[in-house]
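**Q** Starting off with a structure, shown below.
The values are calculated or read from the model by the stated rules, or taken from the named source; none is laboratory data. In this text the structure is predicted, and so the values were computed from the model without any measurement. Please note: Cβ atoms are built from the backbone with ideal geometry, for glycine as well, and neighbour counts cover all protein chains shown. The area values use the complete protein model at the heavy-atom level, side chains included, leaving out ligands, DNA and RNA. Shrake-Rupley method; radii C 1.70, N 1.55, O 1.52, S 1.80 Å.
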Amino acid sequence: MKKIAASILILGFLASSSGCGFKDLDKRFFVVAMGVDWTGDKEKPYEVTLRLAIPASKIGEGLAESQVEHLAAPSIAEAVRNLKSHVDKELDFGQCRIFLFGKTLIKHSMEEPLNWLSRRRDIQLISYAAVAQPTAMAILKANPATERIAGNAFFLTFGKEGTVSPYTVTEYLFDIFRRFSEKGMDPYFPTIRFDGDSYVVENLVLLNKTKEQLLLNRAETILYNLSANSFSRSGIAINYEGKRLVLYISRVSRDVSITRDRVPTVKLRFKITGIVEQSAVVLLNSKIPEVQGLLEQEMNRTTKKLLIKIRNAGVDPYGFGLHYLAKYFGNEQDWKHWQEVYPQVKFEVSSRVIIESTGLVR
Amino acid sequence: MIRYFYYHVFYVGMINIMMFVPTLLIRDRFHGAVSGMLVAIAISSVMSLVTMACFERFPGLGYPEISDLYLPRWLTKVNILSAALFVWLPSGIIVLYSYAETARMFFYPDMPPLVNLILLAGAAAWASCQSTRTVQFIQEIAMVLITPLIILFLLKAITNENMNWDAIRYVAGYVRIAPSFITIAASTFLFSGYMSLVLFNRMHEEGFKFKFRWVVPLFSSLFLAVTFFVPIGFHGTVGVQEYVYLWSMTADSMALDYGFINRVLYVFLLMFTGISLLYVMNTWHTTIHFIRYTLNGYKSVEETPASRINIWFSVGIGAAAFVYMYFISTEENQRVSEVWIITRFFVEILTVFMMLYFVWRQKKSKSKNKPRAEAQSAAIGKAAE
């Protein structure tokens, strides 16, 4: 009798507690990508675009279907709340792995979008973030020809499972949050545009703590990725005896040291190992040291130029400031000093290029 | 069976995340956390090794029995009853609440908070009302299950390429600032696993010796370094203070590219289901047995089936956790844990000195009065049975 009473009690309790807000999978709309644009409008400055995956029975190239919803509102939170009334299922951000910010938004200020993202508990910190050209809405409305699963082209582009391109600098959301508040380290975003059938990611936008300061071109982006992230699979090209010579970089290691003079000098050293990918000139063993020297000169020259350009823009995506503080166990005074002298900081780049082989021919 | 003791050291070393220790340390990262941690490592290493050496002299006896040998009965009773009610019981409740909230936040945000708590409190109460030996077995099984997850998680964290070692080095440079008290108190919590001896020493047989006792300071120091520096490496020296669920967000910053699931966060939460339940089970079990000792001097380690009084106590504790969660918010829970951490620090120091006193009394009586000492060791032997 006691047992029956107890089990009835437990059953009753479980039955009464099950009325929670859990929604089945088929009652949810998975947001696979989200974009935020700045309209410049006084009343409704934020335009939020959501790409929602539509469950499909057939999977195949170009068959991925998605629904795109967009709405302008005074804030992102209000826009998302309002968008809920535009769809018939519950919005779920748990699968959203990419956040796009419009070109105009990044020129204005990133403060509010980042605040919204950091407060939401269902946003993954390992999502990718990028700047959309011209607008996030245009990118999200585009339909890549080879996409098999909605939003998958983004993940393959930025992640390491798909293409691994030296032009693509992957930026995670947690790293964005870190860089936007960190001392002596500034944020950056890769840019993404649509060329008619696929996404193109080949530029980098450098920001100070609020907005865009500098846009790196293609050559600078690949060099940044090489010099800041030690990203191999990249290349150096020179003109050798009137013909183009391209070195494929298979391994790269870097070392940064900063002197403690009144105006510090940043010394960057690279060790680059690679193979010759293309050279119309026959490379005999005797010529290799000469070619290596030329490659080293090219690397030093272009990197130094890039470093000075970035310094003059007043940003520090490499994190030299933090490295300076870390190296000398700095305190607040050192940090103030660094901020004062950063516009005059000197750079020294030295590199060692080793040609492992010239490919299958000389 | 010394390995059971080391399990205590391991899971207490990790449960600090649910006790808001990282938050306290991070808050003071520029105001003496690093030096505080170093001081805490020194203090705790001494305290843990001394306590272990003391308990080695009383095989098979828990703290209540030892205390009874040398102190008046009423004092022992007051001591262990207040230790049970103000140290052991709240620690389990605080951890249970903070884990329940974390899991609800990330696993099933739509669920009403109390349902989640009922499930966890039920499991912990059920486990804690068993006999001491059963609790030890549960502990070994749980440790075996979660160890692969722990290793995976720690490797993933320490070898992560997104970790910024410059930030870690920069914060470590603040070792020159004088230590702050709260960070010392908070850091010593990671070493507290040895305090489980106050009850679980009952399991140890005559003539036992702690092998590999250096494991306690070594592993706890390692956990302390991980718990403080890894979040700084991931979120930067400034950004790290903004997170409420600091370690969950750190776990979420790691990706398993080729795993079954992409987010390391779920591995982390799964791991902490095990560790939290272990911790809550052990603290509540200690509470129950301390209360029982004050009521009727009960000190057996084996009992099948679990006696009714255990079940009633565990149900009562579960209900207490429920009431606590109903009235206290997450923010307040954090403040309660701060008070608890400081209280625990002083209680621990007191316990170590009491143990030293008992060892001194034991030595004195042995050398002074041989026949009496024999009678006493006979009494100890009897108590051990």
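**Q** Being within 14 Å of chain B (Cβ to nearest Cβ), in contact with a helix residue (DSSP H, G or I) (Cβ under 9 Å, 6 or more places away or on another chain) and either closer than 30 Å to A:VAL282 by Cβ or of a type in the set (S, T, N, Q) (or both) is the filter here, so list the residues in region A:306-338 that pass it. Break it down stepwise before answering.
**A** First, the residues of region A:306-338 that are within 14 Å of chain B (Cβ to nearest Cβ): A:316-335, A:338.
After this cut, where a residue has to be in contact with a helix residue (DSSP H, G or I) (Cβ under 9 Å, 6 or more places away or on another chain) as well, the list is A:316-331, A:334-335, A:338.
Across region A:306-338, the qualifying residue is only A:ASN331.
**Q** I've got another one for you. Let me confirm something: among B:THR287, B:THR250, B:THR273, B:THR330, which residue is among the hydroxyl-bearing types (Ser, Thr, Tyr), closer than 24 Å to B:PHE30 by Cα and touching a residue at least 60 places away in the same chain (Cβ under 8 Å)?
**A** Details: B:THR287 fails: closer than 24 Å to B:PHE30 by Cα; B:THR273 fails: closer than 24 Å to B:PHE30 by Cα; B:THR330 fails: closer than 24 Å to B:PHE30 by Cα.
Only one candidate passes the filter, namely B:THR250.
**Q** Moving on. In region A:64-76, which residues are open to solvent by less than 40 Å² (accessible area, probe 1.4 Å) and over 16 Å from A:ASP37 (Cβ atoms)?
**A** If the condition is that a residue be open to solvent by less than 40 Å² (accessible area, probe 1.4 Å) and over 16 Å from A:ASP37 (Cβ atoms), then A:ALA64, A:SER66 are the ones that fit.
**Q** Does A:LYS209 satisfy the condition of being within 13 Å of chain B (Cβ to nearest Cβ) and not acidic (Asp, Glu)?
**A** Here the answer is yes, as A:LYS209 does meet what is asked.
**Q** Taking interchain pairs and intrachain pairs at least six residues apart, which have beta carbon atoms under 6 angstrom, with the first residue in region A:271-292 and farther than 11 Å from A:VAL246 by Cβ and the second open to solvent by less than 80 Å² (accessible area, probe 1.4 Å) and in a loop (DSSP other than H, G, I, E, B)?
**A** Final answer for the pair search is A:LEU283/A:THR358.
**Q** What number of residues within region B:317-357 satisfy the criterion of being of a type in the set (Gly, Ala, Ser), surrounded by 14 or more Cβ atoms within 10 Å (Cβ to Cβ) and more than 17 Å from the chain's Cα centre (by Cα)?
**A** Going through region B:317-357 one residue at a time, the tally reaches 3.
**Q** For region A:200-219, give me the residue count where each residue is within 13 Å of A:ASP316 (Cα to Cα), aliphatic (A, V, I, L, M) and open to solvent by 60 Å² or more (accessible area, probe 1.4 Å).
**A** So the answer is 0.
**Q** Turning to a different aspect of this structure: Mind checking whether some residue in region A:263-274 is within 14 Å of chain B (Cβ to nearest Cβ) and not in a helix (DSSP H, G or I)? So that I can check it myself, show each step before the final result.
**A** Filtering region A:263-274 down to residues within 14 Å of chain B (Cβ to nearest Cβ) leaves A:266.
This time we only want the ones that are not in a helix (DSSP H, G or I), so: A:266.
Looking through region A:263-274, at least one residue is within 14 Å of chain B (Cβ to nearest Cβ) and not in a helix (DSSP H, G or I).
**Q** Evaluate the following for A:ILE288: is it hydrophobic (A, V, I, L, M, F, W, C), away from chain B (no Cβ under 14 Å) and in contact with a helix residue (DSSP H, G or I) (Cβ under 9 Å, 6 or more places away or on another chain)?
**A** Criteria not met by A:ILE288.
**Q** Which condition does A:ILE192 not pass, out of (1) open to solvent by less than 10 Å² (accessible area, probe 1.4 Å); (2) within 30 Å of B:ARG169 (Cα to Cα); (3) not in a helix (DSSP H, G or I), if it passes all the others?
**A** (2)
**Q** Name the residue, out of A:ARG262, A:ARG244, A:ARG251, that is outside the structural domain of A:GLU171 (by TED's automatic domain parsing), closer than 29 Å to A:TRP338 by Cβ, open to solvent by 80 Å² or more (accessible area, probe 1.4 Å) and modelled with pLDDT under 95.
**A** A:ARG262
**Q** Here are the criteria: (1) surrounded by 20 or more Cβ atoms within 10 Å (Cβ to Cβ); (2) in contact with a Phe, Trp or Tyr (Cβ under 7 Å, 6 or more places away or on another chain). Tell me which single one A:GLU90 does not satisfy.
**A** (1)
**Q** While we're here: Kindly indicate whether any position in region A:163-170 is touching a strand residue (DSSP E or B) at 6+ places or on another chain (Cβ under 9 Å), under 28 Å from B:GLN241 (Cβ atoms) and within 14 Å of another protein chain (Cβ to nearest Cβ).
**A** Checking region A:163-170: at least one residue is touching a strand residue (DSSP E or B) at 6+ places or on another chain (Cβ under 9 Å), under 28 Å from B:GLN241 (Cβ atoms) and within 14 Å of another protein chain (Cβ to nearest Cβ).
**Q** Could you list, in sequence order, the residues of region A:117-140 that are more than 14 Å from every other protein chain (Cβ to nearest Cβ) and either open to solvent by less than 30 Å² (accessible area, probe 1.4 Å) or at pLDDT 90 or above (or both)?
**A** A:ALA130, A:VAL131, A:ALA132, A:THR135, A:ALA136, A:MET137, A:ALA138, A:ILE139, A:LEU140
Conditions (1) closer than 18 Å to B:PRO231 by Cα; (2) in contact with a Gly (Cβ under 6 Å, 6 or more places away or on another chain); (3) of a type outside the set (Phe, Trp, Tyr), marked per residue:
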| site | (1), (2), (3) |
| --- | --- |
| B:TYR6 | no, no, no |
| B:MET19 | yes, no, yes |
| B:MET47 | no, no, yes |
| B:ALA53 | no, no, yes |
| B:PRO64 | no, no, yes |
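**Q** Right, here's the next one. Kindly provide the set of residues from region B:145-168 that are within 14 Å of chain A (Cβ to nearest Cβ), in contact with a Leu (Cβ under 9 Å, 6 or more places away or on another chain) and buried (at least 19 other Cβ atoms within 10 Å of the Cβ), ordered by number.
**A** B:ASN164, B:ASP166, B:ALA167
**Q** Do the conditions hold for B:GLU385, that is, is it at pLDDT below 85 and of a type in the set (Asp, Glu)?
**A** For B:GLU385, the condition - at pLDDT below 85 and of a type in the set (Asp, Glu) - is met.
**Q** Let me ask you something else. Taking region A:34-68, which residues are over 23 Å from A:SER127 (Cβ atoms) and either among the charged types (D, E, K, R) or not assigned by TED's automatic domain parsing to the domain that holds A:GLN95 (or both)?
**A** Result: A:ASP41, A:LYS42, A:GLU43, A:LYS44, A:LYS58, A:GLU61.
**Q** How many residues, within region B:191-216, are within 18 Å of the chain's Cα centre (by Cα) and either small (Gly, Ala, Ser) or under 30 Å from A:TYR328 (Cα atoms) (or both)?
**A** Residues in region B:191-216 being within 18 Å of the chain's Cα centre (by Cα) and either small (Gly, Ala, Ser) or under 30 Å from A:TYR328 (Cα atoms) (or both): 3 in total.
**Q** Looking at B:THR250 and the list (1) open to solvent by 10 Å² or more (accessible area, probe 1.4 Å); (2) at the interface with another protein chain (Cβ under 9 Å from one of its Cβ atoms); (3) β-branched (Val, Ile, Thr), which single condition is not satisfied?
**A** If we test B:THR250 against (1) open to solvent by 10 Å² or more (accessible area, probe 1.4 Å); (2) at the interface with another protein chain (Cβ under 9 Å from one of its Cβ atoms); (3) β-branched (Val, Ile, Thr), just (1) comes out false.
**Q** To continue, here is another question. Could you check how many residues of region A:313-362 are small (Gly, Ala, Ser) and open to solvent by 60 Å² or more (accessible area, probe 1.4 Å)?
**A** Residues that pass the stated criteria total 0.
**Q** Which ones in region B:173-185 are surrounded by fewer than 17 Cβ atoms within 10 Å (Cβ to Cβ) and either within 12 Å of chain A (Cβ to nearest Cβ) or assigned to a helix (DSSP H, G or I) (or both)?
**A** First pass over region B:173-185, keeping only residues surrounded by fewer than 17 Cβ atoms within 10 Å (Cβ to Cβ): B:175-176, B:178, B:181.
Listed by number, the residues that qualify are B:VAL175, B:ARG176, B:PHE181.
**Q** Give me the pairs: first residue in region A:71-94 and in contact (Cβ under 8 Å) with a residue 60 or more places away in the chain, second residue surrounded by 18 or more Cβ atoms within 10 Å (Cβ to Cβ) and polar (S, T, N, Q), beta-carbon distance under 8 Å, and six or more apart or on different chains, which are they?
**A** Going by the 8 Å Cβ cut-off, the qualifying pairs are A:GLY94/A:GLN124.
**Q** Which of the helices (runs of 4 or more DSSP H) contained wholly in region B:62-127 include at least 3 residues that are farther than 20 Å from B:ARG335 by Cα and more than 14 Å from chain A (Cβ to nearest Cβ)? If you could, list the steps in order and put the result at the bottom.
**A** On the way: elements: B:63-70, B:73-83, B:89-106.
Helices (runs of 4 or more DSSP H) meeting the threshold: B:63-70, B:73-83.
**Q** For residues that are within 15 Å of A:VAL205 (Cα to Cα), open to solvent by less than 50 Å² (accessible area, probe 1.4 Å) and assigned to a loop (DSSP other than H, G, I, E, B), tally how many sit in region A:149-180.
**A** Looking only at that region, the number is 4.
**Q** Restrict the check to region B:264-281 and report whether at least one residue is touching an Asp or Glu at 6+ places or on another chain (Cβ under 9 Å), open to solvent by less than 10 Å² (accessible area, probe 1.4 Å) and not hydrophobic (A, V, I, L, M, F, W, C).
**A** From region B:264-281, those touching an Asp or Glu at 6+ places or on another chain (Cβ under 9 Å) are B:264-265, B:268; that's our starting set.
From what's left, open to solvent by less than 10 Å² (accessible area, probe 1.4 Å): B:264-265, B:268.
Imposing the further condition that a residue be not hydrophobic (A, V, I, L, M, F, W, C) reduces the set to none.
For region B:264-281, residues touching an Asp or Glu at 6+ places or on another chain (Cβ under 9 Å), open to solvent by less than 10 Å² (accessible area, probe 1.4 Å) and not hydrophobic (A, V, I, L, M, F, W, C): absent.
**Q** Restricting attention to region B:230-244, and to residues there that are surrounded by fewer than 22 Cβ atoms within 10 Å (Cβ to Cβ) and at the interface with chain A (Cβ under 8 Å from one of its Cβ atoms), which single residue is farthest from A:LYS209 (Cα to Cα)?
**A** B:GLU242
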